[in-house]
Amino acid sequence: MDCLFCKIVAGQIPARKLYEDEQVFAFHDIGPRAPVHFLVIPKRHISTLLHLTEADNALTGHMLFTAQRLAKEQGCEEGFRVVMNCNELGGQTVQHIHMHVLGQRQMTWPPG
Ligand code: AMP
Ligand code: ZN
């Protein structure tokens, strides 16, 4: 499988890992858009949000809780943003679903 994030999970490409368990992997984004910017991904390859099924509800809930827990660990208890892009039109560039977690600066709305 020629997937960048699967290779990071497999340890074939280095990443600044924050956390991992049986289901999820979290690491700092290589091109941070905020002082805190990390990604939470499922270890299993799921290419876009459109490929989720109801059977993935527990997994995505676990991703979100992991995002919250790590955000607090990274000093973002005052506030942070979670973003998931879907497909090219939604701004997705890596075809393996990921939650962006951004913090330690004032976020604005709407995003660009
Ligand atoms: P998206 O545009 O939502 O698909 O986000 C992909 C994110 O992956 C971008 O914020 C990139 O900076 C990040 N990224 C790409 N390659 C790597 C890498 N090797 N390690 C960490 N983050 C990466
Ligand atoms: Zn993958």
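Rounded to the nearest 500, the 222 nm mean residue ellipticity of the chain from helices alone is -6500 deg cm²/dmol, with -39,500 (n - 2.57) taken per DSSP H run of at least 4 residues. Sorted from greatest to least, the principal axis extents spanned by the alpha carbons of the range 16-112 come out as 34, 31, 23 Å. Scanning the chain for cysteines with no neighbouring cysteine C-beta under 4.7 angstrom from their C-beta gives C76, C86. Hey, what angle do you get for helix 57-73 against the long axis of the chain, alpha-carbon based, 0 to 90 degrees rounded to 10? Computed tilt is about 40 degrees. Between E77 and T108, the contour length at 0.36 nm per residue exceeds the Cα-Cα span by 9.4 nm.
Available extension along the chain between V94 and Q23 is 23.7 nm, counting 0.36 nm per residue and deducting the alpha carbon span.
Rule-based calculations on the coordinates, nothing more; no lab input. What you see is a predicted model, and the numbers here were worked out from it, not measured in a lab. Using ideal geometry, Cβ is built from the backbone for each residue, glycine included, and neighbour counts are taken over all protein chains shown.
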